[in-house]
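Every number in this text was worked out from the coordinates using simple rules, so none of it is lab data. All of these numbers come straight from a predicted model, not from anything done at the bench. Note that each Cβ is placed from the backbone with ideal geometry, even for glycine, and that neighbours are counted across all protein chains shown.
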Amino acid sequence: MLVEERRRTILHLLEEQGSVMVEELSERFSVSAVTVRADLAALERSGRLVRSHGGAVKPQVYDMPLGVKETLHRREKMRIGQTAAQMIHDGETVLLDSGTTTAALAREVKALPLRALTVITNALNIAMELAGLRHIRVMMLGGMLREMSYSLVGPHAEQILERFQVDRLFLGVDGVDLEAGLTTPDVLEAKLNTLMIRVARQVVVLADSSKFGRRSLSKIADLEAVHTVITDKKISPEMVRALKNAGVEVVIV
């Protein structure tokens, strides 16, 4: 098989599956792993794919409306939210990023037997979820509204956030990659997320297994910034080992 034909086939497989692995491609084409990696590197330079741990994934550049995201991996997000809620203790101040998995966490927070809790968020849907509960004080960051995610971003939100120190950040992301770290489609959202990490004593990433090995447009932080990842059982054992080797606690639900 000629080089160009092999690379076209790789792109076709990527379109069908969403990801490809070096070992599988090597076996399929009867070529060395070095040759496959060279193919992937060439395709990445042309913008057709994004390299990931052990293979490649489709580029995740464009944002997705919150209403669409809510329909994806709902059971996994619910379990992740339930587990994350058990990390919250009475009297704490927690920071909830925007997203459907953090929204699942917010629904679980409502049922916690707490006397007092402060929740800071940049998400309108999360603020509304927790509004009206006497024992929960909700503080919203101001800023520019992103209609895609119902989140507030921009310089004003960053200025407000800089004044806070929180016990724990629960962060939702669009991509978790061993090389690229944490990523999200929107540049302003990524910048605010980076600041969220800076003001938090503990960083907990909430991500269903589909987010791993995926890269989006804007980088938030390297994996070294993360203390704990909560995800579902479909995450690959190789990814779990790599995360643990990077010093990240992995909780599988």
Residue separation between Met139 and Gln159 times 0.36 nm, minus their alpha-carbon distance, gives in nm 5.8 nm
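Over the chain, what is the percentage of antiparallel beta bridges among all DSSP beta bridges, to the nearest 5? Please list the in-between numbers first.
Values: 16 of 43 bridges.
In the chain, DSSP labels about 35 percent of beta bridges as antiparallel.
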Once you list every other residue whose beta carbon is under 14 Å from the beta carbon of Thr101, what net charge do they have if Lys and Arg are +1 and Asp and Glu are -1?
-1
Can you tell me the dipole magnitude for the chain around its Cα centre, using point charges on the Cβ only (Lys, Arg +1; Asp, Glu -1), in Debye to the nearest 20?
360 debye
Below 8 Å, C-alpha to C-alpha, sequence gap of six or more: please give me the relative contact order for the chain in percent.
17 percent
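For the range 209-253, which trypsin sites (Lys or Arg not before Pro) are in a loop by DSSP, counting at most 15 other Cβ atoms within 10 Å? Please list the in-between numbers first.
Working: sites: Lys211, Arg214, Arg215, Lys219, Lys233, Lys234, Arg241, Lys244; in loops: Arg214, Arg215, Lys233, Lys234.
Taking the range 209-253 and a limit of 15 other Cβ atoms within 10 Å, the loop trypsin sites (Lys or Arg not before Pro) found are Lys233, Lys234.
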Hey, in the GNM for the chain with a 10 angstrom Cα cutoff, which one of Val119, Val187, Val34 fluctuates hardest?
Val34
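Taking a ≥ b ≥ c as the square roots of the Cα gyration tensor eigenvalues, with a/c under 1.5 meaning rounded and otherwise prolate when a/b beats b/c, else oblate, which class fits the range 3-57?
Numbers: a/c = 1.24, a/b = 1.21, b/c = 1.03.
Cα axes put the range 3-57 in the rounded bin.
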Could I have the simple spin-label model distance between Glu92 and Leu112, label points 7 Å from Cα toward Cβ, reported in nm to one decimal?
0.5 nm
Using a Förster distance of 22 angstrom, determine the FRET efficiency expected from the C-beta separation of Glu179 and Ser236, and round it to 0.05.
0.90
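Near Leu14, within a Cβ-to-Cβ distance under 11 Å, what is the net charge of the other residues, with Lys and Arg +1 and Asp and Glu -1?
On the way: positive: Arg7, Arg8, Arg48, Lys58; negative: Glu15, Glu16.
The answer is +2.
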Once the dipole of the range 1-116 is set up from charges on Cβ (+1 Lys and Arg, -1 Asp and Glu), the residue from the list Leu114, Ser19, Val94 lying farthest towards its positive end is Leu114
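How much length is gained if the chain between Arg74 and Ile252 is pulled fully straight, taking 0.36 nm per residue apart and subtracting their Cα-Cα distance, in nm to one decimal?
62.5 nm
So, counting K/R as plus one and D/E as minus one, what does the shell of residues with Cβ under 15 Å around Glu162 add up to? If you can, show how the numbers build up before the last one.
Numbers: positive: Arg163, Lys191, Arg198; negative: Glu158.
Taking every Cβ under 15 Å from that of Glu162, the sum is +2.
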On a full-extension model of 0.36 nm per residue, what is the gain between Glu4 and Arg198, subtracting their alpha-carbon distance, rounded to one decimal in nm?
65.3 nm
What longest range of the chain stays clear of loop-exposed chymotrypsin sites (Phe, Trp or Tyr not before Pro) (DSSP non-H/G/I/E/B, at most 16 other C-beta within 10 angstrom)?
63-163
Considering only DSSP states other than H, G, I, E and B, which GluC sites (Glu not before Pro) in the range 107-177 qualify as loop sites with at most 16 other Cβ atoms within 10 Å?
Glu147, Glu162
With Cα coordinates, the longest principal axis of the chain makes an angle with the long axis of helix 187-199, in degrees rounded to 10, of 60 degrees
